[in-house]
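**Q** Here it is, the structure, as structure tokens.
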Amino acid sequence: MSMGSLHCLVYYASVARGTTIVAEYTDGGAPLFAVGSGYLEKIPPFHSRFSYSSRRRIFNSLIEHPFVYCTIVDEALGKATADTFLDQVRDEFKRLLKVRGLALDGGGLVPHSLDTDFAPVFDQLVAPLVGIPQKEEDLMKEKLQGQLEAEEGPSVTSLYTGLSSHGENEQNLSGKLDKKPGGSRSLCTPFRGKRSKKDKKNVKEQEKELEEIMMENSSQAMDNGPRLDVLVEDNTPSVTVPSIQKTGSDGSKSQQIAQRMWWQNVRLVLALDAIVCVVLFGIWLGICKGINCIRS
């Protein structure tokens with residue numbers, strides 16, 4: 001298995017009547033049959049949809065009595081696409097029942113009675129759902145990040161050492177942060193020191209290769225698979241580099257404010273104590289009718 005190659009992201013799918021599986025598909029070998037059967041038994045009642053994630057896998061189900069449609073997909077495919085896939089499985093299964101003249105409630109179906117009839121439908125629906133598994137994507141990102149950190153580590157150290165002793169380096173820091181597409185600056189990418197042209201070329205080629213693989217994966221899924229029209233509106237405010245300004249006047253001003261607030265709190269506590277003492281003294285005078293208690 002080569003790193004970055006495309007694979008089918010649907011590992012298992014089935015159609016069941018209650019807990020009886022009547023049609024089943026797997027791309028992960030025999031063990032997934034047992035996993036799918038066990039997942040079917042764990043689906044809680046009174047749900048129309050149920051899903052959870054485990055070990056970079058999404059377990060998803062659609063429940064429409066008396067049928068249950070299940071699938072196990074890679075986390076890279078996403079829950080929204082898994083939901084759409086199950087909707088298509090449901091529609092095609094109902095169409096098959098009508099074409100075969102079978103009861104729409106599945107009465108009379110026995111275990112795996114429609115495996116052969118529904119296999120071409122499963123193959124057709126999973127064909128466009130290919131991409132890079134989430135585990136491989138994570139490994140690729142970790143490998144690339146490790147290479148970048150190994151090459152840029154000394155430059156980061158020297159940058160912050162210089163920044164602590166020379167305030168004018170602030171402008172160099174904000175000016176040399178990597179730019180993201182669209183003009184926004186990235187705070188996650190450290191300052192890059194001076195490197196040889198060969199090192200810069202290798203890093204650029206690795207970044208470009210990863211970007212091309214991701215773009216190819218996305219374009220194939222959108223062109224061949226079920227189209228999901230999702231509008232994403234990014235309301236995240238733009239991130240800017242904060243200026244690093246520490247002056248003696250600012251520290252003195254904040255100290256004065258803190259001292260003034262402390263005195264206000266002290267005065268408030270003393271005032272409350274005085275009020276409580278006066279009230280208690282008045283109560284004592286009322287009970288003793290003056291200073292009779294002392295005379296007695």
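**Q** Full-extension gain between residue 52 and residue 262, please, as 0.36 nm times their residue separation minus the C-alpha to C-alpha distance. Write out the running numbers ahead of the final one.
**A** Details: separation 210, 0.36 × 210 = 75.60 nm, distance 5.22 nm.
So the chain would gain 70.4 nm between residue 52 and residue 262.
**Q** Between residue 20 and residue 124, what FRET efficiency follows from the Cβ-Cβ distance if R0 is 22 Å, with the result rounded to 0.05?
**A** 0.35
**Q** Ignoring ligands and nucleic acids, what accessible area does residue 117 show with a 1.4 Å probe (Å², nearest 10)?
**A** Per-residue accessible area (residue 117): approximately 60 Å².
**Q** Continuing with the same structure: So how much slack lies between residue 142 and residue 64, counting 0.36 nm per residue of separation and subtracting their Cα-Cα distance, in nm?
**A** Length difference between fully extended and current span is 23.9 nm.
**Q** Need one value: the accessible area of residue 277 in square angstrom, 1.4 angstrom probe, rounded to the nearest 10.
**A** The value for residue 277 is about 90 Å².
**Q** So how far apart, in nm, are the two label points at residue 6 and residue 103 if each is 7 Å from Cα heading toward Cβ?
**A** Each label point is offset 7 Å from its Cα along the Cβ direction, giving 4.3 nm.
**Q** For the ranges 253-262, 119-128, 53-62, what's the packing order if you count other beta-carbon atoms within 10 Å of each residue, average per peptide, and put the highest first? Let's see the in-between values first.
**A** Numbers: 253-262: 10.0, 119-128: 15.6, 53-62: 17.6.
Going by the mean number of other Cβ atoms within 10 Å, highest first, we get 53-62, 119-128, 253-262.
**Q** On a full-extension model of 0.36 nm per residue, what is the gain between residue 273 and residue 94, subtracting their alpha-carbon distance, rounded to one decimal in nm?
**A** 56.5 nm
**Q** Something else: Once you sort the root eigenvalues of the Cα gyration tensor of the range 40-91 as a ≥ b ≥ c, which label holds: rounded (a/c under 1.5), prolate (a/b larger than b/c) or oblate (the other case)?
**A** Since a/c reaches 1.5 but b/c is at least a/b, the shape of the range 40-91 is classed as oblate.
The values are calculated or read from the model by the stated rules, or taken from the named source; none is laboratory data. Worth saying up front: this structure is predicted, and the values here are computed from it rather than measured. No Cβ is skipped: glycine too gets one built from the backbone with ideal geometry, and neighbour counts run over all protein chains shown. SASA here: full protein model, heavy atoms, side chains in, ligands and nucleic acids out. Shrake-Rupley method; radii C 1.70, N 1.55, O 1.52, S 1.80 Å.
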